[in-house]
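The values are calculated or read from the model by the stated rules, or taken from the named source; none is laboratory data. Here the structure is a predicted model, which means the values were calculated and not measured. So basically every Cβ, Gly included, is an ideal-geometry build from the backbone, and we count neighbours across all protein chains shown.
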Amino acid sequence: MTKPLNIGLVGYGFMGRTHSNAYRTVNNFFTPGYHPVLKAVSARDAVKCQAFADQWGYESIETDWRKLVARKDIDAIDICTPNNLHKEIALAAAAHGKMVLCEKPLSMNTADGEEMADAVEKAGVANTVWYNYRRVPAVTLAKQIIDSGRMGKIFHYRANFLQDWTISADLPQGGAALWRLDAAAAGSGVTGDLLAHCIDTALWLNGGISNVTAMTETFIKERKHNLTGKVEKVEIDDACSFLCRFENGSLGLFESTRYARGHKALYTLEINGEHASMKWDLHDLHRLQYFDHKDEGIVRGWRSIHVSDSDHPYMKHWWVPGLQIGYEHTFIHHVADFLQSLTDGKPCAPTFREAIETQKVCDAVLASAKSNQWANV
Ligand SMILES: NC(=O)c1ccc[n+]([C@@H]2O[C@H](COP(=O)([O-])OP(=O)(O)OC[C@H]3O[C@@H](n4cnc5c(N)ncnc54)[C@H](O)[C@@H]3O)[C@@H](O)[C@H]2O)c1
């Protein structure tokens, strides 16, 4: 018999859907000792919220998240709102003794993240941040390969996250769907939105970052604001590139933009070590490209590992070898790991405390871009 875990979801947008799908699916494939119960969803518009609840199978709705976090029948609050609401909701949830699963980036800045981590730790509640790319089987495999020592010393780490959806100068900022262009709601532009993913994966795979030098650009300086109706200055970074040094002595190169015409969600990473190199691409997410210098010379070359075998991370839970899974499965893996962590009494990485490390790098990147100087993390 699995134990119920009553979920209270805040926000029913893109992430509200991926998480709800994960909660509904996880126990069909994993046996983590708990099963999520879709108890309630909260959003401001009662009609839309009820339609979402009906479609996804939530038992009830709340139009004020404060009521949701206070409900006695809720065990865990899942925060799927714009970034500026993460802290307030997380602090209130922790104060009510609820577990908290929070979307990334954890917070608007490091100081807020620390307050959030202190709050969940003081309350003694389980917590995790949805940096889901760690749980792409090919990325998890990259971690296993690095930890096995096959790469040897790491020299280089590079990552890109490229999109093209904000190129039009006519696109307004602010409000539903466009809050990412509004610094008051998002905190930053591509740095907190896209590079935060690249940084989390990098810290996990390659360890801490000690210092950074960055440049950012805001290509469209003014846009109409949907909430005020006025043309207002754009305060987010449209593009950001940075160089960094990792604590293990390797060099890093990161680039993100929403102005790379033709790219929708091109997250790529590459790691070059003493003995081997690896490459991964979100558009081909089930493959890990691997080059091993120890291979016999005549057959040495890049191999494309189709990460679908039962001895690959997470894959024994899915279909038969050779058959692929996709983006939505990263969230199912995260839920499975979170539920298993409750059974085992262990933290589910990244915890709030661990996710602050990404926040620190984002803050240093933005500070460096502003000052035109190297910044320590
Ligand atoms: N892990 C990932 O890969 C990933 C991908 C996309 C977004 N995100 C993160 O998830 C969060 C949400 O992003 P999204 O793409 O789902 O956004 P979205 O715009 O699709 O959805 C946001 C939701 O928040 C709700 N909301 C806004 N204000 C609210 C309030 N006061 N009370 C209750 N609900 C409110 C909106 O109604 C909407 O349902 C962000 O922090 C974002 O950075 C993570």
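From the list Q173, Q144, exactly one residue is farther than 21 Å from W204 by Cα and either away from the ligand (no atom under 16 Å from the Cβ) or over 19 Å from the mean Cα position of the chain (by Cα) (or both). Which is it? Walk me through it before giving the result.
Numbers: Q144 fails: farther than 21 Å from W204 by Cα.
Only one candidate qualifies: Q173.
Being crowded, with 16+ Cβ neighbours inside 10 Å and either assigned by TED's automatic domain parsing to the domain that holds L203 or in contact (Cβ under 8 Å) with a residue 40 or more places away in the chain (or both) narrows it down to one of K316, K279, K294, so name that one.
Numbers: K316 fails: crowded, with 16+ Cβ neighbours inside 10 Å; K294 fails: crowded, with 16+ Cβ neighbours inside 10 Å.
Selected residue: K279, the only one of K316, K279, K294 that is crowded, with 16+ Cβ neighbours inside 10 Å and either assigned by TED's automatic domain parsing to the domain that holds L203 or in contact (Cβ under 8 Å) with a residue 40 or more places away in the chain (or both).
Residue by residue, here is whether (1) under 21 Å from the mean Cα position of the chain (by Cα); (2) farther than 20 Å from S341 by Cα; (3) more than 11 Å from the ligand (Cβ to nearest atom) holds:
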position: Y12; (1), (2), (3): yes, yes, no
position: M15; (1), (2), (3): yes, yes, no
position: F30; (1), (2), (3): no, no, yes
position: G33; (1), (2), (3): no, no, yes
position: A40; (1), (2), (3): no, yes, yes
position: K48; (1), (2), (3): no, yes, no
position: Y58; (1), (2), (3): no, yes, yes
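Report the residue count in segment 97-124 for those that are over 26 Å from A364 (Cβ atoms), aliphatic (A, V, I, L, M) and within 16 Å of the ligand (Cβ to nearest atom).
Restricting attention to segment 97-124, the residues satisfying the condition of being over 26 Å from A364 (Cβ atoms) are 97-99, 101, 122-124.
Remaining after also requiring aliphatic (A, V, I, L, M): 99, 101, 123.
Next, from what is left, pick out any that are within 16 Å of the ligand (Cβ to nearest atom): 101.
Result for segment 97-124: 1.
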Residue hits (segment 28-56; polar (S, T, N, Q) and surrounded by fewer than 17 Cβ atoms within 10 Å (Cβ to Cβ)) are N28, T31, Q50, Q55
Determine, yes or no, whether T140 is farther than 14 Å from P347 by Cβ and assigned by TED's automatic domain parsing to the domain that holds A367. yes
If you go through segment 71-96, how many residues are part of a strand (DSSP E or B) and either more than 8 Å from the ligand (Cβ to nearest atom) or outside the structural domain of G8 (by TED's automatic domain parsing) (or both)? 3
Being within 12 Å of the ligand (Cβ to nearest atom) and among the basic types (K, R) narrows R150, R180 down to just R180
So N6, is it away from the ligand (no atom under 11 Å from the Cβ), polar (S, T, N, Q) and in a strand (DSSP E or B): yes
